[in-house]
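Novice: Below is the structure I would like to discuss, written out as structure tokens.
The values are calculated or read from the model by the stated rules, or taken from the named source; none is laboratory data. Everything numeric here is computed off the predicted structure, so don't read it as measured data. Every residue, glycine among them, receives a Cβ derived from its backbone with ideal geometry; neighbour counts consider all protein chains shown.
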Amino acid sequence: MPSKSSKKNNAPFTTEVSPERCLIIHPIVSNTKQSRTLEEQLGEIAGLAAAISLDVVKVTSLNVSRLQAGHFLGKGQRENIGRDVEDLEPDIIVFNHSLSPVQQRNLERDWNVKVIDRTGLILEIFGARAQTREGRLQVELAALEYQRSRLVRSWTHLERQRGGAGFMGGPGETQIEIDRRLINDRLVRLKKELDDVKRTRGLGRKARERVPFPVVALVGYTNAGKSTLFNTLTGADIFAKDLLFATLDPTLRKIELPNDQTVILSDTVGFISDLPTNLIAAFRATLEQTLHADVILHVIDASQSDSGAQKEDVIQILEDLGIEYETDKRIIEVYNKQDKLDSETITDLKRQAKFGANIALISALKKHGVDELLGKVAAVTAAEQAEVELKIPYSDGKALSWLYDHAQVLERNDGDELVKCRVRINKADLSKFENYYGGAS
């Protein structure tokens, strides 16, 4: 194929950087079960491209009856796309499927343009979004493991994280050997750094467990409205836009429930269908806090036509983490974007809630239904909490100290010999206190 023309090079000089032009290819593979319509799948991949500011110039869907080992697509389909490349001059082609390293390289040679698959695109988004040290390390680890099989220098955000070390090696080494050695060395260092971060985070979690506040975790499909709900409930101003993967790093804030109980609200990374395996592994530690939460709010974008499929994707990941979704009493399903629903859907959801389903119907943006949601959260936490009055001798300082570490002290009266405390405490912690220091009065 001839090289791309230089039309863009003749454009007037400007200080503004134009977004990269992107051509999206969506293969429809025969005998592959699909839980979403074609329109929904195309909308999602276009949303992923928009999440890193790519300018989508065309989206093409192709029927693939038989996969070609070396190119994925047949010769005729490759030639048709080649004509689109000549006409549209994209900077990048996004292939909405996993590609083998050989397939990716061969397609790049055929079309003379950079090609990334779905995994590569999600990794690029994660690399752009991660803010905390652990998040950046997890992204780089996943990206290098993905890159190791490809050995191409396309991860500009990872180059910056490596400090621009570049690919340099000793005499006699081929470039691939140098790249492989450097990547393997970096992987070893990354895993050690992550182990150190996880150890520190484990200590932090143990410290938080001593704080007498239940944890409420927000989970859900990406762009379901978790961050908007988080901002509505906390008055915070974390990044919340109509973008896939707007939030990657967990954020914690304290809020008050209607029963005057304090809880810690946690926002987490959004889920998505066909999330790359190495990314699930990399972010498993981040999602582990969900396992320890007292309440899990599964936020669902009820306005999406494929909300049912999105819900099932989230359920699958939660169950992979060890959460029994159907029987776990901590889970409240939060149907968001009520303002975009028709009256029939609203009536149906309200009927389910009335007959016992642990669900809430809200609009996080319009702040509709938020009070009812907080009431449901309070009901779940109250089932695991008890308010008791304890009388503790002044001589038993350890018992009093333990209470302040593990319970919320609501009221304290100091007498001559005893301290009377009214506390709100987790029932399991109350049992521990009674075993260690005697029963409640």
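Novice: Tell me whether region 376-398 contains one or more residues that are at positive phi and in the same structural domain as Val216 (by TED's automatic domain parsing).
Specialist: Within region 376-398, none of the residues are at positive phi and in the same structural domain as Val216 (by TED's automatic domain parsing).
Novice: Considering only residues that are more than 24 Å from Glu344 (Cβ to Cβ) and polar (S, T, N, Q), which ones fall in region 355-397?
Specialist: Selection gives Thr381, Gln385, Ser395.
Residues checked against (1) under 26 Å from the mean Cα position of the chain (by Cα); (2) closer than 19 Å to Ile300 by Cα:
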| residue | (1), (2) |
| --- | --- |
| Glu344 | no, yes |
| Asn358 | yes, yes |
| Ala364 | yes, yes |
| Ser395 | no, no |
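Novice: Any residue in region 42-70 that's free of Cβ contacts under 8 Å to residues at least 60 places away in the same chain and of a type in the set (Ser, Thr, Tyr): show its pairings with residues that are surrounded by fewer than 17 Cβ atoms within 10 Å (Cβ to Cβ) and in a helix (DSSP H, G or I) at Cβ separation under 9 Å, as long as the two are six or more apart or on different chains.
Specialist: Close Cβ pairs (under 9 Å, with a partner that is surrounded by fewer than 17 Cβ atoms within 10 Å (Cβ to Cβ) and in a helix (DSSP H, G or I)) amount to Ser53/Ala128; Thr60/Asn80; Ser61/Leu38.
Novice: Also, quick follow-up: Can you tell me how many residues in region 121-131 are at pLDDT below 75 and either part of a helix (DSSP H, G or I) or surrounded by 15 or more Cβ atoms within 10 Å (Cβ to Cβ) (or both)?
Specialist: 2
Novice: OK, next. With (1) polar (S, T, N, Q); (2) surrounded by fewer than 17 Cβ atoms within 10 Å (Cβ to Cβ); (3) modelled with pLDDT of 90 or more; (4) not in a strand (DSSP E or B) as the list, and Ser35 as the residue in question, which single condition is left unmet?
Specialist: Going through the list (1) polar (S, T, N, Q); (2) surrounded by fewer than 17 Cβ atoms within 10 Å (Cβ to Cβ); (3) modelled with pLDDT of 90 or more; (4) not in a strand (DSSP E or B), Ser35 breaks only (3).
Novice: Scan region 38-67 for residues that are part of a strand (DSSP E or B) and in contact with an Asp or Glu (Cβ under 8 Å, 6 or more places away or on another chain) and report the count. It would help to see each step written out before you state the result.
Specialist: Start the filter on region 38-67 by keeping residues that are part of a strand (DSSP E or B), which leaves 55-64.
The next check asks that each one be in contact with an Asp or Glu (Cβ under 8 Å, 6 or more places away or on another chain); those that pass are 55, 58, 60.
Qualifying residue count, region 38-67: 3.
Novice: Looking at (1) assigned to a loop (DSSP other than H, G, I, E, B); (2) surrounded by 17 or more Cβ atoms within 10 Å (Cβ to Cβ), which is the only condition Gly70 fails?
Specialist: With (1) assigned to a loop (DSSP other than H, G, I, E, B); (2) surrounded by 17 or more Cβ atoms within 10 Å (Cβ to Cβ) applied to Gly70, the lone miss is (2).
Novice: Which of (1) touching a helix residue (DSSP H, G or I) at 6+ places or on another chain (Cβ under 7 Å); (2) acidic (Asp, Glu); (3) under 17 Å from Phe230 (Cα atoms) is the odd one out, the single condition Glu333 does not satisfy?
Specialist: Answer for Glu333: the failing condition is (1).
Novice: Further question on the same structure: Looking only at residues in region 73-114 that are touching a Ser or Thr at 6+ places or on another chain (Cβ under 9 Å), in a helix (DSSP H, G or I) and over 26 Å from Gly47 (Cβ atoms), which one is modelled with the lowest pLDDT?
Specialist: Result: Pro101.
Novice: While we're here: What helices (runs of 4 or more DSSP H) lie completely within region 136-250 and have 2 or more residues being among the hydrophobic types (A, V, I, L, M, F, W, C) and at pLDDT 70 or above?
Specialist: Output list reads 175-210, 226-234.
Novice: Right, next: Step by step: first the residues of region 334-343, then only those that are free of Cβ contacts under 8 Å to residues at least 40 places away in the same chain and not polar (S, T, N, Q), then the one that is surrounded by the most Cβ atoms within 10 Å (Cβ to Cβ). Which residue is that? Before the answer, list the steps.
Specialist: If we filter region 334-343 for residues that are free of Cβ contacts under 8 Å to residues at least 40 places away in the same chain, which is where we start, we get 335, 338-343.
Right, trim to not polar (S, T, N, Q) and you get 335, 339-342.
Working: Tyr335: 26, Asp339: 13, Lys340: 14, Leu341: 18, Asp342: 9.
Among those residues, the one meeting the criterion is Tyr335.
Novice: Could you tell me which of the residues Asp306, Asp301 is at pLDDT 90 or above, of a type outside the set (Phe, Trp, Tyr) and surrounded by 15 or more Cβ atoms within 10 Å (Cβ to Cβ)? I'd like the intermediate steps shown before the answer.
Specialist: Working: Asp306 fails: at pLDDT 90 or above.
Of Asp306, Asp301, the one residue that is at pLDDT 90 or above, of a type outside the set (Phe, Trp, Tyr) and surrounded by 15 or more Cβ atoms within 10 Å (Cβ to Cβ) is Asp301.
Novice: May I pose another question? Which residue is surrounded by the most Cβ atoms within 10 Å (Cβ to Cβ), if the candidates are limited to region 82-115 and must be out of contact with any His (no Cβ under 7 Å at 6 or more places or on another chain) and among the polar types (S, T, N, Q)?
Specialist: Among them, the one singled out is Gln104.
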